[in-house]
Amino acid sequence: MTQTVPTLQVENLQTQFFTKAGAVTAVNDVSFTVNRGEVLGLVGESGSGKSVTGFSILGLVDQPGRVTGGKILFKGEDLTQYTEKQYKQLRGSRISMVFQDPMMTLNPVLRIDTQMVEAIRAHENVSKAEALQRARDALGQVGIPSPEERLKSYPHQFSGGMRQRVAFAIALLNKPDLIIADEPTTALDVTIQAQILYETQKLCRETGTSLVWITHDLTVVAGLADTVCVMYAGKVVESGKVDDVLDNPKHPYTEGLIGSVPSRNKRGQPLTQIPGMTPSLFNLPKGCSFRERCQYASDACQQAPSISKCEDGRLVRCHRVEEALSHV
Amino acid sequence: MLAFTIRRLSQSVVVLFVMSIIVFAGVYAIGNPVDILINPEADIAEQEETIRRLGLDKPIWTQYGLFLANALQGDLGNSFVHNLPALDIIFQRLPATLELAFLAVGLAVVFGVPLGMLAGLKPDSVVGRVIMTGSILGFSLPTFWVGLMLIMLFSVNMGWLPASGRGETVDLFGIPVSFLTLDGLSHLFLPAFNLALFKMSLVIRLARSGTREVLLQDYIKFARAKGVSDARIIGVHVLKNIMIPVVTVLGLELGSVIAFAVVTETVFAWPGIGKLLIDSISHLDRPVVVAYLLLTVTMFIVINFVVDILYSILDPRVRLGGAN
């Protein structure tokens with residue numbers, strides 16, 4: 001593996017859902033790059049298309065949706081050209097995924113060992129004993145005490161945090177190059193979240209695994225990610241190095257998100273919020289989709305803005321930035 | 001588990017006791033067996049002699065007390081009509097019904113689960129729609145009519161299968177069974193299929209809705225994200241989850257199939273207990289009716305118990321004898 005080829009390079013990805021009420025573009029012109037061992041934070045409100053982006057990469061978009069455009073380059077290979085058979089070999093072995101709700105991701109009627117061993121044996125022809133050994137090691141790796149006994153347990157015998165650790169252990173089983181984590185700590189309390197974040201970060205550094213961390217929690221991104229992509233209504237509105245974006249947001253939406261973090265508020269003052277709500281994908285406003293909620297909106301925003309590249313390498317989709325750059 | 005069993009047993013005894021009172025009183029209220037049993041030509045002395053012999057001269061609570069005392073010793077009384085122990089008559093007929101019922105439920109599962117899953121996996125396909133339409137027919141067509149049609153088609157027109165009776169039987173542990181001989185099997189098939197049709201439709205619907213529901217669960221998507229093959233997802237992840245409702249419902253249905261196979265048994269002249277019950281009710285043969293119903297209740301209790309145990313095997317979240 002050459003160092004120059006990024007683990008994941010998404011270019012102009014478009015995913016549409018063909019519903020009875022018409023085609024909906026859930027992911028529209030999304031591009032980002034994740035290098036080996038890097039963590040990308042994919043941030044946005046509910047319905048901004050971040051989860052669909054994750055599922056698109058794995059080829060697991062539910063009917064009636066499918067990827068309709070762009071490229072997904074995984075270590076240089078375009079996944080959009082993959083057959084279902086090739087995808088099967090890839091899933092769980094080179095790219096794995098952790099889901100949002102740990103209470104729902106494990107099959108309630110199968111034991112943990114069954115669910116772990118099948119993940120190994122789906123990709124490698126190893127004996128059951130060897131697979132069990134690896135499952136045991138993986139459980140130990142994510143900090144589950146007495147993994148030997150826990151292998152024999154059913155999911156309902158674990159707490160939410162423990163189940164999410166098991167899910168991570170399953171994701172790590174085949175030493176993937178990339179893990180897509182879809183809001184994996186949203187359903188957990190903060191202390192468990194902190195532990196899982198810490199361990200995930202450590203594991204990624206040790207193994208060189210790249211991570212796409214989908215979340216709506218900017219504080220998680222701040223502590224974990226190297227780069228960040230902010231999504232709004234299916235589009236990336238701002239992306240760049242995490243420190244640059246969080247310290248000096250250029251897109252009004254990013255600014256609003258950061259302003260909405262409660263800890264930044266003065267005590268007794270009303271909490272800051274972005275007015276309005278996420279537009280329905282069926283009925284996006286013309287031009288910039290954030291226009292109606294934006295305090296800086298002008299007539300120019302009737303036209304959809306294109307992406308402009310700032311001097312620090314940051315990409316922003318906003319007319320104000322475009323103008324500011326053209327005046328320099 | 002032990003506490004669960006003991007509690008279940010004591011509950012069962014209460015149920016049986018209450019049940020016996022209701023049935024005893026119920027049959028008493030229907031009519032006087034004397035009117036049917038005794039030859040109207042017989043003289044008064046003869047009539048009184050018969051009434052005394054059957055114990056029908058005593059007040060009803062004394063009759064019940066006697067029945068209860070005997071029942072506790074395992075004697076449910078003699079049939080008024082056949083003058084044989086009621087239980088013996090029932091047990092003589094029971095194997096035929098059991099054989100029929102088990103085969104029917106077996107057919108319902110073996111065909112119903114795969115068909116239902118298929119319809120659930122491809123709900124909008126032609127195959128899925130055909131299966132569902134078929135299941136609606138299975139639900140709505142009356143059993144006796146389907147039975148007559150089966151006889152007409154396969155026995156009368158085609159002449160492939162016999163229309164009535166058990167055919168040749170062989171003894172298995174001293175019990176005559178039909179399914180071990182070719183002739184017996186050919187006699188068994190039509191009534192079993194007739195009886196199975198309704199249950200099969202039920203299983204198809206349960207399996208289909210279960211499959212559709214389970215397919216949407218995160219754990220199925222997670223299994224796909226692990227790269228697990230479709231065959232394993234359907235055959236293990238989905239199947240094991242949908243078997244929970246199927247087993248529950250079939251357990252209850254098995255009881256009703258055994259207890260109320262009356263229609264099918266009548267249409268195919270199958271010498272089982274369903275036929276016996278109808279005859280006994282029309283003769284007001286109280287000991288047989290009471291014994292039959294007590295046996296049926298016992299059977300339901302046993303089946304429910306087995307279902308609860310199966311449940312705990314299928315669904316690890318169910319713990320028997322948990323807190324009340």
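The values are calculated or read from the model by the stated rules, or taken from the named source; none is laboratory data. As the structure is a computational prediction, the values presented were derived from the model and not from experiment. As a convention, Cβ positions derive from the backbone with ideal geometry for all residues, glycine included, and neighbour counts pool all protein chains shown.
Observations, loosely collected:
Here is a yes/no grid of residues against (1) assigned to a loop (DSSP other than H, G, I, E, B); (2) β-branched (Val, Ile, Thr); (3) on the phi > 0 side of the Ramachandran plot:
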{"residue": "B:Gly112", "(1), (2), (3)": "no, no, no"}
{"residue": "B:Met117", "(1), (2), (3)": "no, no, no"}
{"residue": "B:Val127", "(1), (2), (3)": "no, yes, no"}
{"residue": "B:Ile131", "(1), (2), (3)": "no, yes, no"}
{"residue": "B:Met149", "(1), (2), (3)": "no, no, no"}
{"residue": "B:Ser155", "(1), (2), (3)": "no, no, no"}
{"residue": "B:Ala163", "(1), (2), (3)": "yes, no, no"}
{"residue": "B:Phe179", "(1), (2), (3)": "yes, no, no"}
{"residue": "B:Leu185", "(1), (2), (3)": "no, no, no"}
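- Exclusive hit being surrounded by fewer than 21 Cβ atoms within 10 Å (Cβ to Cβ), of a type outside the set (D, E, K, R) and closer than 30 Å to B:Asp315 by Cα, set A:Ala187, A:Ala171: A:Ala187
- So A:Thr227, is it in the same structural domain as A:Ile57 (by TED's automatic domain parsing), β-branched (Val, Ile, Thr) and at pLDDT below 90: no
- Residue match in region A:199-213 (condition: in contact (Cβ under 8 Å) with a residue 24 or more places away in the chain and under 26 Å from A:Thr278 (Cα atoms)): yes
- Summed over region A:308-325, the residues that are touching a residue at least 60 places away in the same chain (Cβ under 8 Å) and in a loop (DSSP other than H, G, I, E, B) give a count of 6.
- Region A:80-103, residues that are out of contact with any strand residue (DSSP E or B) (no Cβ under 6 Å at 6 or more places or on another chain), within 14 Å of A:Phe168 (Cα to Cα) and of a type in the set (A, V, I, L, M): A:Met103
Residues are listed down the side, and each one gets a yes or a no for (1) among the β-branched types (Val, Ile, Thr); (2) within 13 Å of chain B (Cβ to nearest Cβ):
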site	(1), (2)
A:Thr53	yes, no
A:Thr68	yes, no
A:Glu77	no, no
A:Phe99	no, yes
A:Met104	no, yes
A:Arg111	no, yes
A:Thr114	yes, yes
A:Gln133	no, no
A:Gly143	no, no
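- Some residue of region B:129-138 being basic (Lys, Arg), assigned by TED's automatic domain parsing to the domain that holds B:Leu202 and surrounded by fewer than 18 Cβ atoms within 10 Å (Cβ to Cβ): yes
- Checking region B:81-96 against the condition returns no match, with no residue being surrounded by 19 or more Cβ atoms within 10 Å (Cβ to Cβ) and farther than 18 Å from B:Gly272 by Cβ.
- Yes/no for A:Gly59 being surrounded by 21 or more Cβ atoms within 10 Å (Cβ to Cβ), in contact with a helix residue (DSSP H, G or I) (Cβ under 7 Å, 6 or more places away or on another chain) and within 14 Å of chain B (Cβ to nearest Cβ): yes
- Residue within region A:87-95 that is touching a residue at least 40 places away in the same chain (Cβ under 8 Å), within 14 Å of chain B (Cβ to nearest Cβ) and closer than 22 Å to A:Asn12 by Cα present: yes
- Flag for B:Ile234 being of a type in the set (Val, Ile, Thr), surrounded by 24 or more Cβ atoms within 10 Å (Cβ to Cβ) and touching a residue at least 60 places away in the same chain (Cβ under 8 Å): no
- For region A:154-168, taking the residues that are of a type in the set (A, V, I, L, M, F, W, C) and either surrounded by fewer than 20 Cβ atoms within 10 Å (Cβ to Cβ) or over 18 Å from the mean Cα position of the chain (by Cα) (or both), the one that is farthest from the other protein chains (Cβ to nearest Cβ) is identified as A:Met162.
- Residues of region B:133-146 that are under 25 Å from B:Ile234 (Cα atoms) and assigned to a loop (DSSP other than H, G, I, E, B): none at all.
- When the helices (runs of 4 or more DSSP H) confined to region B:221-324 are screened for residues that are within 13 Å of another protein chain (Cβ to nearest Cβ) and in contact with a Lys or Arg (Cβ under 9 Å, 6 or more places away or on another chain), those reaching at least 2 such residues are found at B:286-314.
Conditions (1) modelled with pLDDT of 90 or more; (2) over 26 Å from B:Val238 (Cα atoms); (3) within 18 Å of the chain's Cα centre (by Cα), marked per residue:
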| position | (1), (2), (3) |
| --- | --- |
| A:Leu13 | yes, yes, yes |
| A:Phe17 | yes, no, no |
| A:Val27 | yes, yes, yes |
| A:Ser31 | yes, yes, yes |
| A:Glu45 | no, yes, yes |
| A:Leu73 | yes, yes, yes |
| A:Met97 | yes, no, yes |
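- Identity of the residue in region B:48-78, surrounded by 15 or more Cβ atoms within 10 Å (Cβ to Cβ) and of a type in the set (Phe, Trp, Tyr), that ends up modelled with the lowest pLDDT: B:Phe67
- Checked against the criterion of being under 14 Å from the mean Cα position of the chain (by Cα), surrounded by 23 or more Cβ atoms within 10 Å (Cβ to Cβ) and part of a loop (DSSP other than H, G, I, E, B), region A:246-261 has no qualifying residue.
- Failed criterion for A:Ser46 (all others in (1) among the hydroxyl-bearing types (Ser, Thr, Tyr); (2) closer than 30 Å to A:Pro249 by Cβ; (3) surrounded by 15 or more Cβ atoms within 10 Å (Cβ to Cβ) hold): (3)
- Selection from region A:119-170 of residues that are without any contact (Cβ under 8 Å) to a residue 12 or more places away in the chain and among the hydroxyl-bearing types (Ser, Thr, Tyr): A:Ser127, A:Ser146, A:Ser159
- B:Gly227 vs. criteria small (Gly, Ala, Ser), surrounded by 18 or more Cβ atoms within 10 Å (Cβ to Cβ) and modelled with pLDDT under 85: no
- Cβ-Cβ under 9 Å pairs, at least 6 apart or on other chains, region B:97-109 side surrounded by 24 or more Cβ atoms within 10 Å (Cβ to Cβ), far side of a type in the set (S, T, N, Q) and in a helix (DSSP H, G or I): B:Leu100/B:Thr264; B:Ala104/B:Asn194; B:Ala104/B:Thr264; B:Ala108/B:Ser201
- A count restricted to region A:208-243 and to residues that are assigned to a helix (DSSP H, G or I) and in contact with a Gly (Cβ under 8 Å, 6 or more places away or on another chain) stands at 4.
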